[in-house]
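Enquirer: Below is a structure I'd like to ask you about.
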Amino acid sequence: MSSDWQAQKEYSTPLALKTIRWIALHLGRPVARCILYPITLYYLIFASLQRRASRLYLKRVLARPPGWFDVAKHIHCFASTILDRVYLITGQFDKLHITFPAENTPLKFSRSGMGCILLGSHVGSFEVLRSYALKKCPLPIKILMHEGQTPMVMQALHALNPSIAETIMTMSDTVNSLLKVKEAVDSGYAVGMLGDRISGDAKEKTVRCTLLGSEVQLPTAPVLIAASLKVPLITFFGIYTGGNHYEIHFELLAEHITLSRKNRQQEIQQWTQKYADILEKHILDRPYNWFNFYDYWQDDERQ
């Protein structure tokens with residue numbers, strides 16, 4: 001897996017984002033949902049790299065050659081989650097139907113005074129947890145993230161609710177990032193991060209795992225941080241199931257991770273592979289929910 005996602009053009013414009021935001025807030029979700037169709041068509045025609053990446057991914061996950069409709073469905077699913085961020089960030093949860101699991105695993109640890117690492121991915125929407133936690137669920141949460149991928153989208157959405165910015169911890173060097181996370185988990189926060197994409201930083205530590213039949217590089221930071229701080233590592237998925245429905249899934253990957261000196265690298269790989277296995281399970285269950293629109297497995301380079 002490469003870090004090609006960082007070099008991709010951002011196809012949004014400030015005016016387009018402001019227009020969609022205005023329509024979503026003033027004309028309502030049904031009208032805004034109608035606009036997703038021309039947006040999907042636009043990306044289907046003009047975003048050639050993303051279209052190509054979608055085809056390569058869907059061919060792998062669907063186990064058949066994908067058609068134009070499959071790619072359009074993939075793009076439309078992504079656009080739907082972007083639109084719903086407007087309602088999530090502004091606290092209009094009545095417009096969405098969000099289903100929590102019977103047991104809110106990170107909340108259980110938080111109530112006992114222990115923070116945790118929430119390991120997410122580009123499956124569905126992480127926003128569904130962050131925004132819901134701010135308003136509806138008493139789960140204190142911080143997000144450790146790179147902000148450089150889609151700056152216009154992030155700026156436009158955060159303008160809707162400046163308090164969202166208070167939940168973000170930007171990734172810097174390893175030591176400072178670890179200190180930020182430690183401070184948060186010591187205060188009982190669930191710290192969320194994404195584990196299915198590398199940053200491309202030459203200093204970033206990665207490990208090779210198998211995902212959907214081929215090897216990929218995944219970051220080791222989530223496992224290393226959980227092990228260093230001795231906190232639980234919990235996977236999280238905010239699955240978009242169509243219409244206005246989302247399902248939140250938690251799975252305890254490890255309550256404690258202890259890495260031995262002798263087999264440290266092997267154990268890091270094994271824990272990261274467990275995450276990859278859980279990720280694959282959700283991808284296969286909801287294939288149009290995975291939003292890595294670049295050559296994730298570098299299939300083009302091998303052809």
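Enquirer: Within segment 274-303, take every residue that is surrounded by fewer than 16 Cβ atoms within 10 Å (Cβ to Cβ) and modelled with pLDDT of 95 or more and give me the one that is nearest to LEU88 (Cα to Cα).
Expert: Here the residue is ASP285.
Enquirer: Turning to a different aspect of this structure: Considering segment 81-101 alone, what residues qualify as being within 14 Å of CYS137 (Cβ to Cβ) and either surrounded by fewer than 19 Cβ atoms within 10 Å (Cβ to Cβ) or in contact (Cβ under 8 Å) with a residue 60 or more places away in the chain (or both)?
Expert: So in segment 81-101, the residues within 14 Å of CYS137 (Cβ to Cβ) come out as 88, 91, 93, 96, 98-101.
Of everything in segment 81-101, those that are within 14 Å of CYS137 (Cβ to Cβ) and either surrounded by fewer than 19 Cβ atoms within 10 Å (Cβ to Cβ) or in contact (Cβ under 8 Å) with a residue 60 or more places away in the chain (or both) turn out to be GLY91, PHE93, LEU96, ILE98, THR99, PHE100, PRO101.
Enquirer: Something else about it: In the set TYR288, TYR240, TYR294, TYR246, which member is farther than 28 Å from LEU179 by Cβ and assigned to a loop (DSSP other than H, G, I, E, B)? Steps first, answer last, please.
Expert: Details: TYR288 fails: assigned to a loop (DSSP other than H, G, I, E, B); TYR240 fails: assigned to a loop (DSSP other than H, G, I, E, B); TYR246 fails: assigned to a loop (DSSP other than H, G, I, E, B).
Result of the check over TYR288, TYR240, TYR294, TYR246: TYR294.
Enquirer: So, one more: Of ILE268, ILE225, which residue is part of a helix (DSSP H, G or I), under 19 Å from GLY195 (Cβ atoms), among the hydrophobic types (A, V, I, L, M, F, W, C) and modelled with pLDDT under 95? Steps first, please.
Expert: Working: ILE268 fails: modelled with pLDDT under 95.
None of the other options fit; the residue is ILE225.
Results for (1) farther than 30 Å from ARG33 by Cα; (2) of a type in the set (Gly, Ala, Ser); (3) touching an Asp or Glu at 6+ places or on another chain (Cβ under 8 Å), shown as yes or no for each residue.
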residue: SER214; (1), (2), (3): yes, yes, no
residue: PRO219; (1), (2), (3): yes, no, yes
residue: PRO222; (1), (2), (3): yes, no, no
residue: THR235; (1), (2), (3): no, no, yes
residue: GLY243; (1), (2), (3): no, yes, no
residue: ILE248; (1), (2), (3): no, no, no
residue: LEU253; (1), (2), (3): yes, no, no
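Enquirer: For segment 195-217, does any single residue satisfy the condition of being assigned to a helix (DSSP H, G or I) and either surrounded by 19 or more Cβ atoms within 10 Å (Cβ to Cβ) or among the aliphatic types (A, V, I, L, M) (or both)? Steps first, answer last, please.
Expert: Of all residues in segment 195-217, those assigned to a helix (DSSP H, G or I) come to none.
No, segment 195-217 contains no residue that is assigned to a helix (DSSP H, G or I) and either surrounded by 19 or more Cβ atoms within 10 Å (Cβ to Cβ) or among the aliphatic types (A, V, I, L, M) (or both).
Enquirer: Against the conditions (1) assigned to a strand (DSSP E or B); (2) touching a helix residue (DSSP H, G or I) at 6+ places or on another chain (Cβ under 9 Å); (3) surrounded by fewer than 21 Cβ atoms within 10 Å (Cβ to Cβ), where does ILE234 fall short? Just the number, please.
Expert: Unmet for ILE234, out of (1) assigned to a strand (DSSP E or B); (2) touching a helix residue (DSSP H, G or I) at 6+ places or on another chain (Cβ under 9 Å); (3) surrounded by fewer than 21 Cβ atoms within 10 Å (Cβ to Cβ): (3).
Enquirer: Now for a separate question. Looking at segment 105-130 only, could you name the residues that are surrounded by 24 or more Cβ atoms within 10 Å (Cβ to Cβ) and polar (S, T, N, Q)?
Expert: Once the filter is applied, which keeps residues that are surrounded by 24 or more Cβ atoms within 10 Å (Cβ to Cβ) and polar (S, T, N, Q), segment 105-130 yields SER121, SER125.
The values are calculated or read from the model by the stated rules, or taken from the named source; none is laboratory data. Here the structure is a predicted model, which is why all the values come from computation and not from measurement. Glycine gets a Cβ as well: all are built from the backbone with ideal geometry, and neighbour counts include every protein chain shown.
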